[in-house]
1. Mind listing whichever residues of segment 76-101 are more than 15 Å from ASP50 (Cβ to Cβ), touching a residue at least 40 places away in the same chain (Cβ under 8 Å) and not polar (S, T, N, Q)?
2. Return the total of residues in segment 1-29 being in contact (Cβ under 8 Å) with a residue 24 or more places away in the chain and among the charged types (D, E, K, R).
3. Which of the helices (runs of 4 or more DSSP H) contained wholly in segment 12-72 include at least 2 residues that are among the hydroxyl-bearing types (Ser, Thr, Tyr)?
4. Please indicate, with yes or no, whether at least one residue in segment 82-103 is in a helix (DSSP H, G or I), over 14 Å from the mean Cα position of the chain (by Cα) and either under 22 Å from TRP133 (Cβ atoms) or at pLDDT below 95 (or both).
5. Please find, within segment 148-176, the residue that is nearest to HIS110 (Cα to Cα) out of those that are of a type outside the set (Gly, Ala, Ser), touching a residue at least 12 places away in the same chain (Cβ under 8 Å) and surrounded by fewer than 16 Cβ atoms within 10 Å (Cβ to Cβ).
6. I'm trying to understand the selection: among the residues of segment 111-137, which are assigned to a helix (DSSP H, G or I), modelled with pLDDT under 90 and charged (D, E, K, R)?
7. List the residue pairs whose Cβ atoms are under 7 Å apart, where the first residue sits in segment 130-147 and is more than 14 Å from LYS169 (Cβ to Cβ), the second is of a type in the set (S, T, N, Q) and at pLDDT 90 or above, and the two are 6 or more positions apart or on different chains.
8. Condition check: under 30 Å from TYR24 (Cβ atoms), modelled with pLDDT of 90 or more, aromatic (Phe, Trp, Tyr) and part of a helix (DSSP H, G or I). Does PHE108 satisfy that?
Amino acid sequence: MITKEEEKLIYDLILNKLDEEQFYQAYPIDLEKNKEYFWNELNNSITENDSEKTEMYFDIIEYLYDDELSEIKLTALYKKAILKNFSYHLIERLVDSLEKTPSAIKYFVHVLTQNYLENQSKENTETFMVPIWNKCLWALSKIDTDETRKIISEYKSSEYTDINDTVNKLKSKMIK
C-alpha cells in the first residue's frame, strides 16, 4: 500500500518539482533493487478496482519507463484495466493509449457496450460517453478489417446523432 509520502514524491516528480535522481534518493523503497515495484502496485490497483491509484501508477510508469518491454507490459495492463468499471476519464485515457491493432478490437468493443455513467441522465451519457464511444469507433476504423467495418456499421442507427455522424464519416473513409 502506497503512503501519502510516496504519492507526494510521485507527483513532485511528474510535476518536475524533483528530478529523477532526487526522486530515487528520496523514495522510501529502493527502486533500483525492486524494479517491479510500480508494475506490481499497478496490477494490484487494477485488481482492486482502485481507479485513483491505477491512474497514479500509470502516470509514474509512463514517466519512468520508456522502452519496448514497458510498452508491452503497459498494453497488457491497459487491456486488463479496460475490463474494469473505472471512471469514464480513466477509461478514456486507456482507450487513447491502447494500440490500434487487431488484438485490441475486443477491448474497444467492450468500451462501446459499456456506460460508465449508468446512474446518470441521458444528457450526461451524451456528454461524457459519446466522445469515448466515438474514440473507440475511430480506433476500430484505424484497424480497418472486415470485422471492424462490420462493428462500425452496427452503430449506424445509434440513438446519438454524434455517433451516427461518426459512423457515416468512417464508412466513407474505410476500404470496401
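1. Once the filter is applied, which keeps residues that are more than 15 Å from ASP50 (Cβ to Cβ), touching a residue at least 40 places away in the same chain (Cβ under 8 Å) and not polar (S, T, N, Q), segment 76-101 yields TYR88, GLU92, VAL95, LEU98, LYS100.
2. Counting residues in segment 1-29 that are in contact (Cβ under 8 Å) with a residue 24 or more places away in the chain and among the charged types (D, E, K, R) gives 2.
3. Details: elements: 20-26, 37-47, 51-64.
Filter on segment 12-72 gives 37-47, 51-64.
4. Residues of segment 82-103 that are in a helix (DSSP H, G or I), as a first pass: 82, 88-97, 102-103.
Checking the rest, the ones that are also over 14 Å from the mean Cα position of the chain (by Cα) come to 102-103.
Narrowing further to those that are either under 22 Å from TRP133 (Cβ atoms) or at pLDDT below 95 (or both): 102-103.
Looking for residues that are in a helix (DSSP H, G or I), over 14 Å from the mean Cα position of the chain (by Cα) and either under 22 Å from TRP133 (Cβ atoms) or at pLDDT below 95 (or both), one finds at least one in segment 82-103, hence yes.
5. Initial filter on segment 148-176 (of a type outside the set (Gly, Ala, Ser)): 148-152, 154-156, 159-171, 173-176.
Then keep just the ones that are touching a residue at least 12 places away in the same chain (Cβ under 8 Å); that gives 148-149, 151-152, 155-156, 160, 162-163, 166-168, 170-171, 173-176.
Remaining after also requiring surrounded by fewer than 16 Cβ atoms within 10 Å (Cβ to Cβ): 156, 162, 168, 171, 173, 175-176.
Details: LYS156: 18, ASP162: 19, ASN168: 21, LYS171: 21, LYS173: 23, ILE175: 24, LYS176: 25 Å.
By that ranking, first place goes to LYS156.
6. Selection gives LYS122, GLU123, GLU126.
7. That search, which allows pairs on different chains as well, returns ILE143/THR101.
8. Working: under 30 Å from TYR24 (Cβ atoms): no; modelled with pLDDT of 90 or more: yes; aromatic (Phe, Trp, Tyr): yes; part of a helix (DSSP H, G or I): yes.
So PHE108 fails the test.
The values are calculated or read from the model by the stated rules, or taken from the named source; none is laboratory data. Computed from a predicted structure; not experimentally measured. Counting neighbours? That spans all protein chains shown, and the Cβs are built from the backbone with ideal geometry, glycine included.
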